[in-house]
Amino acid sequence: MGNIELAVIGGTGVYRLAALDDVQSHDVQTRYGAPSGPVRVGLLDGQRVAFLARHGEGHSIPPHKVNYRANLAALKQLGATRVLALNTVGGITDDFGPCVLACPDQLIDYTWGRISTLCEEEGSEVLHVDFGHPYTPSLRAQVLAAARARGVAVHDGGCYGATQGPRLETIAEIARMRRDGCDLVGMTGMPEAGLARELGLEYACLAIVANWAAGCGDAAEITMEEVLDNVAAASAGLPELVGALVGGLARG
């Protein structure tokens with residue numbers, strides 16, 4: 001298996017990378033079990049890119065049941081060293097309305113009961129990784145540079161609040177998150193980011209704002225139809241952005 005310039009993990013509404021050519025499918029087994037589905041590896045602008053649908057390609061796995069360890073381990077086994085996570089989120093603060101793309105630089109973990117470390121099993125090495133900057137600064141900078149190069153608007157920064165799901169949040173919960181400093185709310189940002197750090201993978205998040213969170217903006221009842229429509233609209237520039245990112249990474 002040759003070098004993979006970038007691995008992309010797709011969230012709700014993003015179940016494949018249509019821009020990939022010469023795609024090969026890999027059913028990978030890891031020490032942590034099976035990932036969410038096959039890893040699709042293909043060529044994008046002549047560079048090898050891997051794609052994995054976080055919830056499965058039929059969106060059959062809820063956020064608290066995703067085997068995050070197996071997903072990341074599978075990508076690493078195939079030769080990936082950098083991961084771009086696509087996360088479908090709700091917007092909390094004014095700059096993060098529906099259809100915005102954002103590259104957050106901080107996160108707060110509100111999840112519980114998930115296996116959140118490689119240190120779970122008896123006899124595992126105890127890892128105390130530095131997580132002050134949860135997203136790799138250099139990869140974030142490259143994502144933002146790729147967006148500028150292709151004219152794709154991406155908000156630089158923001159705090160992602162990771163909630164348990166699969167239900168959406170109450171107005172009071174979102175109000176608390178706003179007081180805590182969260183700009184975005186999603187259900188899959190953790191433990192994925194922390195595990196990537198333990199595995200030594202570079203990791204950045206590109207958050208796709210699908211809707212206003214409860215009590216924010218002009219939010220009324222949130223429907224999956226609205227979410228998927230907004231994800232499709234916001235994702236229109238993703239192939240161009242990812243292509244520019246991969247090209248930049250390959251040039252070093």
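The values are calculated or read from the model by the stated rules, or taken from the named source; none is laboratory data. Given the structure is predicted, the values throughout are model-derived calculations rather than measurements. Quick reminder, even Gly has a Cβ in these numbers, built from the backbone with ideal geometry, and neighbours come from all protein chains shown.
Quick grid of which residues meet (1) part of a helix (DSSP H, G or I); (2) surrounded by 21 or more Cβ atoms within 10 Å (Cβ to Cβ):
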site	(1), (2)
Gly200	no, no
Ser235	yes, no
Val246	yes, yes
Ala250	yes, no
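Inside segment 1-57, can you point out the residues that are basic (Lys, Arg), over 27 Å from Cys119 (Cα atoms) and at pLDDT 90 or above? Steps first, please.
Looking only at segment 1-57, we keep the residues that are basic (Lys, Arg), and these are 16, 31, 40, 48, 54.
The next check asks that each one be over 27 Å from Cys119 (Cα atoms); those that pass are 16, 40, 48.
Matches in segment 1-57: Arg40, Arg48.
Among the residues of segment 179-193, is there at least one that is in contact with a Leu (Cβ under 7 Å, 6 or more places away or on another chain), under 11 Å from Thr88 (Cα atoms) and not in a helix (DSSP H, G or I)? The answer is yes, given that some residue of segment 179-193 is in contact with a Leu (Cβ under 7 Å, 6 or more places away or on another chain), under 11 Å from Thr88 (Cα atoms) and not in a helix (DSSP H, G or I).
For Ser138, indicate whether it is assigned to a helix (DSSP H, G or I) and of a type in the set (Ser, Thr, Tyr).
yes
Of the residues contained in segment 17-38, none is found to be closer than 15 Å to His55 by Cβ, in contact (Cβ under 8 Å) with a residue 40 or more places away in the chain, part of a loop (DSSP other than H, G, I, E, B) and among the hydroxyl-bearing types (Ser, Thr, Tyr).
Here is a yes/no grid of residues against (1) surrounded by fewer than 18 Cβ atoms within 10 Å (Cβ to Cβ); (2) at pLDDT below 95:
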{"site": "Ala80", "(1), (2)": "no, no"}
{"site": "Val83", "(1), (2)": "no, no"}
{"site": "Val89", "(1), (2)": "no, no"}
{"site": "Asp95", "(1), (2)": "yes, no"}
{"site": "Cys103", "(1), (2)": "no, no"}
{"site": "Thr117", "(1), (2)": "yes, yes"}
{"site": "Gly123", "(1), (2)": "yes, yes"}
